[in-house]
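Novice: There's a structure below that I have some questions on.
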There are 2 protein chains.
Amino acid sequence: MADKRGSRVADRTDAIMRTTLELGQEVGYAKLSIEAVAARAGAGKHTIYRRWPSKGALFLDSLLSLNEPELNYPDTGDIEADLREQIHAAVDLLSKPPLGPLYQALLVEAQQDPQVAEALNERFIGPQEEKTIARLRKARDQGQLSSDFDLSLAMALLSGPFYFQVLIARQPLTREYVDRVIEAVFAGIGPKAPKTAGG
Amino acid sequence: MADKRGSRVADRTDAIMRTTLELGQEVGYAKLSIEAVAARAGAGKHTIYRRWPSKGALFLDSLLSLNEPELNYPDTGDIEADLREQIHAAVDLLSKPPLGPLYQALLVEAQQDPQVAEALNERFIGPQEEKTIARLRKARDQGQLSSDFDLSLAMALLSGPFYFQVLIARQPLTREYVDRVIEAVFAGIGPKAPKTAGG
DNA sequence: AAGTCAACACGGCACGTGCCGTTCCGCTAT
DNA sequence: ATAGCGGAACGGCACGTGCCGTGTTGACTT
């Protein structure tokens with residue numbers, strides 16, 4: 001039976017998503033076409049269009065279906081060490097092949113398609129942020145952070161430089177770079193001696 | 001003579017670039033087609049393809065032809081105040097209509113087209129970085145920055161959160177947010193009491 | 001100095017290709 | 001019977017490339 005007509009819906013859906021990732025890795029997201037996905041997956045285009053409203057939605061679902069990103073925070077009591085650990089893991093996962101290029105493409109697509117942006121935030125970035133903020137909150141309660149700090153601002157300070165490095169500067173994200181950013185975000189770039197008093 | 005054949009090359013080039021920006025604002029970068037630019041500019045597609053290898057290159061040239069971004073640093077002696085001033089100006093220019101959406105689209109295109117990325121870095125982002133770094137260096141020499149600091153890292157710490165806010169969090173860039181980021185980057189998110197030695 | 005002309009750039013048109021999103025058809029498992 | 005499927009075909013759009021007739025330009029002739 002070379003045909004898959006009538007097989008279980010979930011199987012068909014999985015096959016399409018797997019093919020999407022496969023083709024995405026081969027030709028890149030930009031050149032990925034629904035037509036090609038349908039052809040390789042042995043599916044009708046209609047079957048794809050029935051389930052996903054856009055290429056971006058299909059791609060997002062496909063990526064999230066991997067469900068790998070169980071990026072949970074360690075909690076050793078040392079917030080800087082835990083952040084390093086966590087960010088190293090995230091970097092390993094999201095900035096290197098095979099997932100890196102795909103995740104990056106998804107960020108690009110999110111810029112162009114508000115629906116994808118919303119879904120991405122809701123289903124991936126948001127939850128990750130919450131985990132980070134929860135961990136930061138605990139640290140703040142333990143006096144490891146400036147007490148009056150807006151935690152979502154801290155989030156941005158910690159994440160921004162990495163996105164900057166990848167998306168704008170287009171430089172590789174090394175562990176050393178991660179460590180330097182974390183250290184600097186904690187210490188600040190101001191002079192070591194307090195600003196207020198004479199330095 | 002409704003025809004522009006043989007008129008000066010620079011005029012034709014300008015007309016095409018102006019039309020590109022115009023159409024870009026109307027339909028957005030994604031739906032911008034060279035065909036439409038040619039039609040509205042009263043130009044042949046060849047004339048466009050002859051000068052620009054890609055839609056991205058045309059768009060980049062068109063944006064840079066505005067030549068507005070003379071974002072030069074003030075130097076009042078107070079690095080934090082100068083950074084605020086400078087970043088406020090940059091934010092006003094690059095995150096609000098009419099240029100904001102176009103600049104954002106250019107960043108997106110740079111993700112997909114390495115040639116555009118390189119040109120963008122070389123002709124816009126790079127020079128701006130250099131100005132910032134030069135100003136930071138002066139501040140460091142005056143003792144307003146931690147003395148052993150890598151200035152390009154400071155660059156990333158200062159820029160990253162803003163790109164994050166726009167591209168990832170998709171939130172508006174307010175002056176208040178800018179001020180909070182700058183303050184935090186200087187002070188650090190660590191506890192107020194100095195970690196290293198007694199202040 | 002005035003006239004001439006080949007080279008060049010141009011606008012416009014048409015072509016073949018690729019992918020879009022949709023529609024129809026025949027098949028198959030339920 | 002019905003609903004979902006694979007597959008084929010559709011019209012539409014934009015791509016990038018040829019070709020054509022036309023206008024401008026600058027070097028050469030007179």
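Novice: Given the conditions (1) more than 9 Å from chain B (Cβ to nearest Cβ); (2) open to solvent by 60 Å² or more (accessible area, probe 1.4 Å); (3) touching a Lys or Arg at 6+ places or on another chain (Cβ under 8 Å), report the number of the one that residue A:147 does not fulfil.
Specialist: The one condition residue A:147 does not meet is (1).
Novice: So which residues in the stretch A:119-134 are of a type outside the set (Asp, Glu) and within 13 Å of another protein chain (Cβ to nearest Cβ), if there are any at all?
Specialist: Just the residues of the stretch A:119-134 that are of a type outside the set (Asp, Glu), to begin with: A:119-121, A:123-128, A:131-134.
Scanning the stretch A:119-134 gives A:119, A:120, A:121, A:124, A:125, A:126, A:128, A:132, A:133.
Novice: Oh, and also: Among the residues that make up the stretch A:144-151, is at least one of them in a helix (DSSP H, G or I) and touching a helix residue (DSSP H, G or I) at 6+ places or on another chain (Cβ under 6 Å)? Spell out how you get there, then give the answer.
Specialist: So the first thing to find is which residues in the stretch A:144-151 are in a helix (DSSP H, G or I), and the list is A:151.
Still in the running and touching a helix residue (DSSP H, G or I) at 6+ places or on another chain (Cβ under 6 Å): A:151.
Yes, that holds for at least one residue.
Novice: Sticking with this one: I'd like to know if the stretch A:158-169 contains one or more residues that are in a helix (DSSP H, G or I), surrounded by fewer than 19 Cβ atoms within 10 Å (Cβ to Cβ), at pLDDT 90 or above and more than 9 Å from every other protein chain (Cβ to nearest Cβ).
Specialist: no
Novice: Right, next: Sort out which residues of the stretch A:26-68 are near DNA strand D (Cβ under 8 Å from one of its atoms) and polar (S, T, N, Q), and write them in order of number.
Specialist: If the condition is that a residue be near DNA strand D (Cβ under 8 Å from one of its atoms) and polar (S, T, N, Q), then A:47 is the only one that fits.
Novice: Another question about this same structure. Where the second residue is open to solvent by less than 40 Å² (accessible area, probe 1.4 Å) and part of a helix (DSSP H, G or I) and the first is touching a residue at least 60 places away in the same chain (Cβ under 8 Å) and lies in the stretch B:143-155, which pairs have Cβ atoms under 6 Å and are six or more apart or on separate chains?
Specialist: B:144/B:79; B:145/B:139
Novice: I want to confirm something. Restricting to the stretch A:178-199 and keeping residues that are modelled with pLDDT of 95 or more and open to solvent by 20 Å² or more (accessible area, probe 1.4 Å), which single residue is nearest to residue B:159 (Cα to Cα)?
Specialist: Applying the filter and picking the extreme gives A:180.
Novice: Return yes or no: is residue A:85 in the same structural domain as residue A:176 (by TED's automatic domain parsing) and under 22 Å from residue A:182 (Cβ atoms)? Don't jump to the end; show me each part of the working.
Specialist: Numbers: in the same structural domain as residue A:176 (by TED's automatic domain parsing): yes; under 22 Å from residue A:182 (Cβ atoms): yes.
Here the answer is yes, as residue A:85 does meet what is asked.
Novice: Restricting attention to the stretch B:105-118, and to residues there that are surrounded by fewer than 18 Cβ atoms within 10 Å (Cβ to Cβ) and touching a residue at least 40 places away in the same chain (Cβ under 8 Å), which single residue is nearest to the other protein chains (Cβ to nearest Cβ)? Give the derivation first.
Specialist: Residues of the stretch B:105-118 surrounded by fewer than 18 Cβ atoms within 10 Å (Cβ to Cβ): B:112, B:114-115, B:118.
Then drop every residue that is not touching a residue at least 40 places away in the same chain (Cβ under 8 Å), which leaves B:112, B:115.
Details: B:112: 5, B:115: 12 Å.
If we take residues in the stretch B:105-118 being surrounded by fewer than 18 Cβ atoms within 10 Å (Cβ to Cβ) and touching a residue at least 40 places away in the same chain (Cβ under 8 Å), then B:112 is nearest to the other protein chains (Cβ to nearest Cβ).
Novice: Let me ask you something else. Taking the stretch B:87-116, which residues are assigned to a helix (DSSP H, G or I) and charged (D, E, K, R)? Walk me through it before giving the result.
Specialist: If we filter the stretch B:87-116 for residues that are assigned to a helix (DSSP H, G or I), which is where we start, we get B:87-94, B:99-112, B:114-116.
Correct list: B:92, B:109.
Novice: Can you confirm whether the stretch A:170-184 contains a residue that is in a loop (DSSP other than H, G, I, E, B) and basic (Lys, Arg)? Give the steps one after another, and end with the answer.
Specialist: First, the residues of the stretch A:170-184 that are in a loop (DSSP other than H, G, I, E, B): A:170-174.
If we keep only those that are basic (Lys, Arg) too, we end up with A:170.
Looking for residues that are in a loop (DSSP other than H, G, I, E, B) and basic (Lys, Arg), one finds at least one in the stretch A:170-184, hence yes.
Novice: Could you figure out which of (1) outside any loop (DSSP other than H, G, I, E, B); (2) more than 16 Å from DNA strand D (Cβ to nearest atom) isn't true of residue B:76?
Specialist: (1)
Novice: Still on this structure: Quick one: what pairs do we get from the stretch A:175-188, first residue in contact (Cβ under 8 Å) with a residue 60 or more places away in the chain, second among the aromatic types (Phe, Trp, Tyr), C-beta under 8 Å, 6+ apart or different chains?
Specialist: Note: pairs meeting the criteria are A:178/A:162.
Novice: Are any residues in the stretch A:10-28 closer than 20 Å to residue A:100 by Cα and open to solvent by less than 20 Å² (accessible area, probe 1.4 Å), and if so, which ones?
Specialist: Taking the stretch A:10-28 and keeping what is closer than 20 Å to residue A:100 by Cα, we get A:17-28.
Answer for the stretch A:10-28, where residues must be closer than 20 Å to residue A:100 by Cα and open to solvent by less than 20 Å² (accessible area, probe 1.4 Å): A:19, A:20, A:21, A:23, A:24.
Novice: Moving on. Identify, from the list A:54, A:33, the residue that is of a type in the set (S, T, N, Q), within 12 Å of DNA strand C (Cβ to nearest atom), within 14 Å of another protein chain (Cβ to nearest Cβ) and surrounded by fewer than 18 Cβ atoms within 10 Å (Cβ to Cβ).
Specialist: Details: A:33 fails: within 14 Å of another protein chain (Cβ to nearest Cβ).
The match here is A:54.
The values are calculated or read from the model by the stated rules, or taken from the named source; none is laboratory data. Bear in mind the structure is a predicted one, so any value in this text is a computation, not a measurement. Neighbour counts are summed over all protein chains in view; Cβ atoms, including those assigned to glycine, are modelled from backbone coordinates with ideal geometry. These accessible areas exclude ligands, DNA and RNA; they are computed on the full protein's heavy atoms, side chains included. Shrake-Rupley method; radii C 1.70, N 1.55, O 1.52, S 1.80 Å.
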